[in-house]
Amino acid sequence: MNIAPVHLKALQALGYTEPEARFLYIVATHSGYFVARQFLAFTHAHWGKRTTIFWDKLHSKRHARTECFPKSGTVYHLFSRRLYRQIDRENIRNRREHEIEYIQRRIGMLDFVLLNQEYQYLETEPEKTSFFRDKLKVPNHFLPSKTYHGRKTSQPTVRYFVDKFPMFLGNDGSSPVVTFTYIHGSEANLTEFVHHLEAYLALFRQLSAFRFLYLARVDSHFDKAKELFHSLVTIPLGSDVSAELLRYFQIRKTWDLSRYTSLTEADLIFRNQAKTRFSGQRFEHLYRGWKVGRVTDSDIRADFGGSKTHATVHFTAEVLCRFAVPAQEPELAG
């Protein structure tokens with residue numbers, strides 16, 4: 001992580017020390033929220049005069065507010081437009097107030113970044129869009145986006161990578177390879193993870209190589225997350241259209257025959273996706289012919305062919321640890 005000296009100096013001009021300025025830059029860029037243990041570990045400080053002065057500065061300058069939650073303790077929220085303006089982050093949505101589930105995930109994102117400060121992050125929406133559009137030549141319409149509608153007189157605004165999960169670069173040979181991350185929140189299932197993969201699949205299809213890192217506080221969903229990623233991303237990217245069409249036909253036939261127990265959750269998700277992709281009279285005619293044996297697998301492969309270039313995809317699941325003071329230190333709120 002390379003923080004521009006001009007940004008550190010701008011924060012120091014507001015009255016913060018160099019370590020405080022560095023910490024505030026990381027928080028503002030990657031989270032908007034932090035807890036005491038993260039600041040103490042980052043500055044190698046103990047609870048006392050130094051930390052009290054820091055909290056007092058944040059509050060007296062109206063750069064941050066404290067929010068207290070019964071189970072999560074005290075959370076600090078950087079909300080000052082002036083502070084964000086100092087580091088060219090004035091329009092970032094981290095300044096806004098959010099619900100506790102959202103905040104907990106942002107704290108997790110900050111934990112990851114603080115634990116991995118050596119990575120070269122694509123920190124902002126413009127950096128991410130520029131990297132894919134200008135360096136990798138991926139058109140904007142392949143990027144995950146969300147349209148925000150303002151007042152009746154204003155034009156809709158399209159924003160990209162609104163999830164803001166950490167994204168960083170590495171190298172495989174001579175080309176930069178991006179690592180996408182996903183941080184599992186407090187939800188009990190993987191429905192949101194599935195939606196996330198669906199939103200990114202169009203971009204994944206444009207890349208020759210990438211890595212994906214699934215992060216969670218516990219490993220209870222690791223096997224299922226890997227299975228879903230393999231089904232929704234690895235298989236589609238590693239196969240041609242004919243293979244996907246045949247898989248859809250096979251799953252659809254099993255469903256039509258009411259053999260529901262033969263289908264996995266991943267099969268059902270793939271079926272719902274493929275139903276939209278392979279809709280229309282042509283595919284209906286092919287399916288009916290294939291189902292009765294009039295159209296063979298070889299016929300479909302001959303008609304649709306396939307791409308001989310496959311993406312190199314690496315999936316990893318890791319437990320997201322907390323960035324905190326050493327175990328022998330007294331535990332603090334947050």
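Each residue of segment 55-62 was assigned a 3J(HN,Hα) from its phi angle through the Karplus curve 6.51 cos²θ - 1.76 cosθ + 1.60 (θ = phi - 60°); the sequence is 4, 4, 5, 4, 7, 5, 7, 6 Hz, with glycine and proline shown as x. The GluC sites (Glu not before Pro) of segment 166-231 meeting both criteria, a DSSP state outside H, G, I, E and B (loop) and at most 12 other C-beta atoms within 10 angstrom of the site's C-beta, are E187.
Tally Lys/Arg at +1 and Asp/Glu at -1 over every other residue whose Cβ is under 14 Å from the Cβ of R50; what's the total?
On the way: positive: K49, K57; negative: E18, E20, D56.
So the environment of R50 carries a net charge of -1.
With R₀ fixed at 45 Å, the C-beta to C-beta distance from S262 to L14 puts the FRET efficiency at about 0.10. Over the chain, dividing the summed -39,500 (n - 2.57) contributions of all DSSP H runs of at least 4 residues by the number of residues returns a 222 nm mean residue ellipticity of -12500 deg cm²/dmol.
Under 13 Å from the Cβ of Y148, count the other residues' Cβ atoms, weight Lys and Arg +1, Asp and Glu -1, and hand me the total.
Values: positive: R93, R96, K146, R151, R159; negative: E125.
Its environment carries a net charge of +4.
For the chain, a Kirkwood hydrodynamic radius built from all Cα pairs, placed in the Stokes-Einstein relation at 25 °C and 0.890 mPa s, yields a translational diffusion coefficient of 108 µm²/s. Rg/Rh for segment 47-109 (Cα atoms only, Rh after Kirkwood) is 0.99. The relative contact order of segment 48-115 comes to 18 percent, based on Cα pairs under 8 Å that sit 6 or more residues apart. Surface exposure of segment 165-311, expressed per residue as accessible area with a 1.4 Å probe, stands at 51 Å².
For the pair segment 274-294 and segment 1-57, the centres of their Cα atoms are 59 angstrom apart. Counting only residues at least eight positions apart within a chain, or on another chain, the lysines with an alpha carbon under 22 Å from that of K291 are K253, K275.
Relative protection proxy for 38-44, 259-265, from highest mean packing down: 38-44, 259-265 (other beta-carbon atoms within 10 angstrom). Straight distance only, please: which lysines reach the Cα of K226 with their own Cα at less than 22 Å, same-chain residues fewer than 8 apart left out? Filter leaves K164.
Order E97, E20, E125 by their accessible area, 1.4 angstrom probe, all chains in place, largest first. Could the numbers behind the result be given before it?
Details: E97 125, E20 10, E125 35 Å².
The most accessible residue leads, giving E97, E125, E20.
Pairs of Cα atoms nearer than 8 Å and 6+ residues apart set the relative contact order; for the chain it is 20 percent. For M1, neighbours were defined as the other residues whose beta-carbon sits under 9 Å from its Cβ, and their charges (Lys and Arg +1, Asp and Glu -1) total -2.
The values are calculated or read from the model by the stated rules, or taken from the named source; none is laboratory data. Since this is a predicted model, take the numbers as computed values, not measurements. All Cβ positions, glycine included, derive from the backbone under ideal geometry; neighbour counts span all protein chains shown. In case anyone asks, the SASA skips ligands and DNA or RNA and just uses the protein heavy atoms, side chains included. Shrake-Rupley method; radii C 1.70, N 1.55, O 1.52, S 1.80 Å.
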